[in-house]
Each structure stands twice: as structure tokens, then as C-alpha cells.
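Undergrad: Structure incoming, see below.
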Amino acid sequence: MTRDFIHINDFIILVEEAQATTQEVDACHFEEPLIAVAFYGSGNVDLAVKYGQKNKEFKHTKGLALSFYADDQVTFEHTISPHKNLECIVVATALRNLDQLPHQEGEIFKDVLQELVHPKDHYVEGPSFFMTPDMQRIVDNIFANQYEGKTKMMFFRSQITALLSHFFGQLALLQETSSRSNHCDKLNQVKDILIGDLENPPSLTELSKQIGLNTTKLKKEFKAVFGVPVFKYLQNERLSTAHSLISEQKATVQEAAWQVGYDSLSSFSNAFAKKFGYRPSQIK
């Protein structure tokens with residue numbers, strides 16, 4: 001087992017590497033509350049995080065980037081075996097140091113890892129994902145490092161800065177994708193709400209409250225996804241539904257107009273003609 005502690009500005013860098021001929025358990029803990037990101041190299045060691053009566057296990061750590069908050073009540077146990085060696089880099093900073101980090105790094109931590117900056121337990125797990133090839137190469141380079149002294153410190157400083165940059169950049173991409181997917185789900189929900197109540201649809205404000213998206217974003221993103229504003233979409237659905245009712249002889253023109261929410265027959269007829277090029281009374 002080799003374990004190096006390297007201090008860069010207000011970051012503590014822990015580099016751990018170990019191999020075993022028989023199964024061994026290596027346990028460690030932090031002496032004060034820290035926010036950290038652990039990067040696992042080509043080894044595929046098992047990890048158990050224990051605090052109080054709780055236990056979180058990771059069976060496949062190869063290539064994992066794991067962010068977390070932990071205080072002195074948390075124990076990290078790595079189970080090392082002949083085919084599961086330990087290669088782990090932990091980049092950590094004390095909560096009290098966040099405001100002192102250079103290059104706005106503290107602000108990035110606060111913006112992206114809010115649940116870790118304001119923890120509600122001894123251990124709080126933040127975002128995690130498997131590293132990109134670029135990140136994996138940096139981790140491999142760190143474990144292959146042969147430098148010593150000041151050159152080693154210069155090398156570590158550049159590599160850790162690059163690794164954190166990749167981590168936060170990739171995290172931003174993943175969160176953006178997740179947010180976009182979540183918004184698409186909400187916009188589809190809007191569509192379903194409108195189609196489900198053509199006769200008496202909710203207002204834009206009511207729609208906004210129902211799906212948890214402010215009205216400005218709702219209008220902008222709905223048009224971007226569906227190509228038309230919210231109530232233009234509603235009008236199209238109303239007229240298409242009315243067309244089907246009339247052509248299939250399920251309703252008269254007047255009944256179809258009422259069923260899709262038109263109080264005025266003339267307004268309905270004019271809108272219908274504008275969309276289809278002929279009046280509802282001309283449907284055969």
C-alpha cells in the first residue's frame with residue numbers, strides 16, 4: 001500500500017495504490033468535514049462507505065468519479081484482492097476553505113455541488129459518473145508519474161487542475177442533458193393536459209403551476225419543441241378533433257364546435273376555414 005498526501009493551495013490530494021495476493025481490507029477516514037471527488041483508476045476495488053448504522057457499497061469502481069461530503073464519523077473501506085487492486089485519487093477540501101479556493105473554484109463547488117456544501121448527514125453522496133477517456137488518461141498519467149520534488153508538485157498541480165476541469169465540465173453536460181430531458185417530459189405533459197381538456201383548457205398560468213415551469217420558459221421551450229406557441233397548438237388540436245367529429249358524422253357542426261371549446265359558431269367556422277381551406281359545413 002502506498003498513500004501520498006499532497007497539498008495544493010487549499011486542496012488535499014490523496015493518492016492511494018495497493019495490490020494484494022490475498023483479500024485485504026484497508027480502512028480510512030477524514031479528521032474533519034470535507035467535500036471531495038474520488039477518481040478510480042484501472043483497478044476495480046470494492047468500496048464500502050460506513051457511518052452509524054448505514055452502509056453504502058460500490059462493487060464496480062473502475063473508472064468511477066464519485067463526489068461526496070464526509071465528516072469524521074464516516075469510514076471508507078476498500079477490499080483489495082488479487083484481481084481487484086486499488087488505484088484511487090481523492091481531491092478534497094475542507095468546508096471552511098471553500099471561500100479561499102483560487103480561480104473561483106469555491107464558487108463552482110457551491111453552484112454545482114450544493115447538496116455537499118449544505119450536508120444533512122455524516123455522509124452525503126453527490127453526482128457520480130464513469131470517467132471520459134480524457135479523464136481516464138489523466139488518472140493513468142498520475143499513477144505512472146516518475147517525477148520527484150518540485151517537478152512532481154508542478155506535474156500534480158497541472159494534472160489535478162485538468163482533472164477537476166474535466167469533472168465539472170462533464171457534470172455540467174450531464175446535468176444539462178438531464179434538465180433538457182426533464183423539460184421535454186414536462187412539455188409532453190402540457191400537450192397531454194391540453195388534449196385532455198379541449199373544451200375548457202387551463203390558462204398559461206395554470207399550466208405553468210401544474211408542471212412546475214415558469215410561463216416564460218414554458219412558452220419559449222414549447223414553441224422550440226413543437227414548432228408553434230402553446231395556444232396555437234391547442235387551436236390546431238381543437239380544429240383537427242372537430243374535423244374528425246364532423247367527417248365521421250359523430251357530431252353536427254354546432255356540436256363539434258361546442259365539444260372543442262368554441263362558443264361562437266362564426267369564430268369556429270372562420271378558424272376552421274383558415275386551417276383547412278374550406279368551411280366545416282362543406283365537409284361531405
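Undergrad: Pull up segment 100-112, narrow it to residues that are at negative phi and exposed (fewer than 15 other Cβ atoms within 10 Å of the Cβ), then point me to the one that is modelled with the lowest pLDDT. Walk me through how you get there before you give the answer.
TA: To start, the set of residues in segment 100-112 that are at negative phi comprises 100-102, 105-112.
Then drop every residue that is not exposed (fewer than 15 other Cβ atoms within 10 Å of the Cβ), which leaves 100, 102, 107, 111.
Numbers: 100: 75, 102: 67, 107: 77, 111: 74.
Step by step, filter segment 100-112, then rank; the result is 102.
Undergrad: In segment 231-250, is there at least one residue being under 23 Å from residue 281 (Cβ atoms), in contact (Cβ under 8 Å) with a residue 60 or more places away in the chain and of a type outside the set (Asp, Glu)?
TA: no
Undergrad: Tell me, please, whether a residue that is in contact (Cβ under 8 Å) with a residue 60 or more places away in the chain, among the aliphatic types (A, V, I, L, M), out of contact with any strand residue (DSSP E or B) (no Cβ under 6 Å at 6 or more places or on another chain) and buried (at least 16 other Cβ atoms within 10 Å of the Cβ) can be found in segment 113-128.
TA: Among the residues of segment 113-128, at least one is in contact (Cβ under 8 Å) with a residue 60 or more places away in the chain, among the aliphatic types (A, V, I, L, M), out of contact with any strand residue (DSSP E or B) (no Cβ under 6 Å at 6 or more places or on another chain) and buried (at least 16 other Cβ atoms within 10 Å of the Cβ), which makes the answer yes.
Undergrad: Right, here's the next one. Sort out for me the strands (runs of 3 or more DSSP E) sitting completely within segment 1-61 that have 2 or more residues that are at pLDDT 90 or above and surrounded by fewer than 19 Cβ atoms within 10 Å (Cβ to Cβ).
TA: Qualifying strands (runs of 3 or more DSSP E): 11-18, 24-28, 46-51, 54-58.
Undergrad: Follow-up question, since we're still on this one. Output the residues belonging to segment 251-277 that are touching a residue at least 12 places away in the same chain (Cβ under 8 Å), small (Gly, Ala, Ser) and in a helix (DSSP H, G or I). Reasoning before the result, please.
TA: First, the residues of segment 251-277 that are touching a residue at least 12 places away in the same chain (Cβ under 8 Å): 253, 256-262, 265, 268-269, 271-272, 275-276.
In the following step, the residues that additionally are small (Gly, Ala, Ser) were identified as 256-257, 261, 269, 271.
Residues satisfying the conditions are 256, 257, 269, 271.
Undergrad: Among the residues of segment 184-200, which ones are of a type outside the set (Gly, Ala, Ser) and out of contact with any Leu (no Cβ under 7 Å at 6 or more places or on another chain)?
TA: Of all residues in segment 184-200, those of a type outside the set (Gly, Ala, Ser) come to 184-195, 197-200.
Once the filter is applied, which keeps residues that are of a type outside the set (Gly, Ala, Ser) and out of contact with any Leu (no Cβ under 7 Å at 6 or more places or on another chain), segment 184-200 yields 184, 185, 187, 188, 189, 191, 192, 195, 197, 198, 199, 200.
Undergrad: Got at least one residue in segment 68-81 being within 14 Å of residue 130 (Cβ to Cβ), polar (S, T, N, Q) and in contact (Cβ under 8 Å) with a residue 12 or more places away in the chain? Let's see the steps before the verdict.
TA: Here is the first cut: in segment 68-81, the ones within 14 Å of residue 130 (Cβ to Cβ) are none.
No, segment 68-81 has no match at all.
The values are calculated or read from the model by the stated rules, or taken from the named source; none is laboratory data. None of the values given here were measured: they were computed from a predicted structure. Ideal geometry is used to build each Cβ from the backbone, glycine not excepted, and the neighbour counts take in all protein chains shown.
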